1. Under 22 Å from the Cα of LYS77, which lysines turn up, not counting those fewer than eight places away in the same chain?
2. Of all DSSP beta bridges in the chain, what percent run antiparallel (nearest 5)?
3. Rounded to the nearest 0.05, what FRET efficiency is calculated for GLN251 and LYS313 with R0 set to 22 Å and r the Cβ-Cβ distance?
4. What translational diffusion coefficient, in µm²/s and rounded to a whole number, does the Stokes-Einstein relation yield for segment 233-329 at 20 °C and a viscosity of 1.002 mPa s, taking the hydrodynamic radius as the Kirkwood radius over Cα pairs?
5. Can you show me the helix-derived [θ] at 222 nm for the chain, built from DSSP H runs with n ≥ 4 at -39,500 (n - 2.57) apiece and divided by the number of residues, rounded to the nearest 500.
6. Can you list the HN-Hα couplings for segment 4-20, worked out from phi with the Karplus curve (6.51, -1.76, 1.60; θ = phi - 60°), rounded to whole Hz and with x for Gly and Pro?
7. Note down the nm distance, to one decimal, between modelled labels 7 Å out along Cα→Cβ at SER239 and at LEU73.
8. Using Cα positions and a limit of under 21 Å, work out the lysines in reach of LYS18, with same-chain residues fewer than 8 apart set aside.
Amino acid sequence: MTDIKELGLERLKELLKKWGEPDFHARQIFSWIYKRGVKDFGGMSDLPASLREKLKENFYLFDLRLDRVFESLDGTKKLILALGDDNIIEAAVIPAPSRVTGCVSTQVGCKFACRFCASGIPQFKRNLSSAEILDEVSYLKENSLPEKLTHLVFMGMGEPLDNYDNVIKAIRIINSPQGFNIGARKITISTCGIIPGIKRLSDEGLQVELSVSLHSTDEEIRSSLMPINKKYPLKELISACRQYIEKTNRQITFEYVLIQGVNSDLKDTEKTAKMLKGLNCKVNLIPANTIKELNIEPPNKPAILFFKDSLVKRGLNVTLRKPRGQDINAACGQLRLGYVKK
Ligand code: SF4
């Protein structure tokens, strides 16, 4: 059987037509799933009983189970979600005064083994389907209440552009007025630098935000932090980003995790400013989370501020991300490690 969420609105309308049902039922079904969050066809009380029965015979609706919720002292929640095949993924709800952001996983495990990232430690098992990604968003929405889920970042476990088709299919429903209705500009796709994915994304006509993990402007250091740099080196990556900006007229955010003794010296600020000169971009600095197993720790606070100021003085637009959810291992790059080890 197929999860009904694999069908977009148009395909659902076509199916209902084939069944001899009026197509307005498709909008009702969408509304039950994405606006009202029902998890079985029986709850769709304004559909004829015969149609509910037919849907039940041909589709299933919800395959994710919320296993546990951890709540941080700062209000961040980490959701542990069990998939139908018992694989585990994590997602996070991050409240802030003017927004509530959901952090979404796109794969079980990850192939890319970035050195600073605990989410990439579990071996890659499989892609999430678009329906599973949509289920994840449903749980994020429920766990944002009484606030409204306003933003989504595809920065959880996995590389979104390595699961391109399913991620884009899910985003189209997340973004649609009949779906979750979250504005494209409030959705961020984060990539470790998959160049073919960046190129495809520039042709989608989606106004989503693109965030690229930079982490060093030295080929050798970046390769040691992110093995993907050997396949898609910095020079080619920056050129693909330049083309993306020209084609879409959108700004790119470059993420830069500051790691003590690795990429946080004055010379790194000089190289970064030179490489990004003239690009419509923002640099988001992220003090590394301490990961004892990987010998990773952030620079001290004055060193972080010095790094930031040096980039600003060289003309870059720079932000410093405030760590969230560290006490429950829900901060960026920490998803999954804490739970799996218990
Ligand atoms: S940063 Fe992203 S791409 Fe790299 S290992 Fe972690 S989850 Fe995978």
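Just so it is clear, none of the values below were taken in a lab; they were calculated from the coordinates. Keep in mind that this is a model prediction, so the values were computed, not measured. Quick reminder, even Gly has a Cβ in these numbers, built from the backbone with ideal geometry, and neighbours come from all protein chains shown.
1. Hits, sequence-local ones excluded: LYS35, LYS39, LYS141, LYS148, LYS186, LYS322, LYS341, LYS342.
2. On the way: 20 of 46 bridges.
DSSP beta bridges in the chain are roughly 45 percent antiparallel.
3. On the way: r = 20 Å, r/R0 = 0.93.
Here the calculated transfer efficiency is 0.60.
4. Values: Rh = 14.5 Å.
Taking Rh from Cα pairs, D becomes 148 µm²/s.
5. On the way: 12 runs with 115 residues, N = 342.
Roughly -9500 deg cm²/dmol at 222 nm, from the helical runs in the chain.
6. 5, 6, 5, 8, x, 4, 5, 5, 5, 4, 4, 5, 4, 4, 4, 7, x
7. Going from the SER239 label point to the LEU73 one covers 5.0 nm.
8. LYS5, LYS54, LYS56
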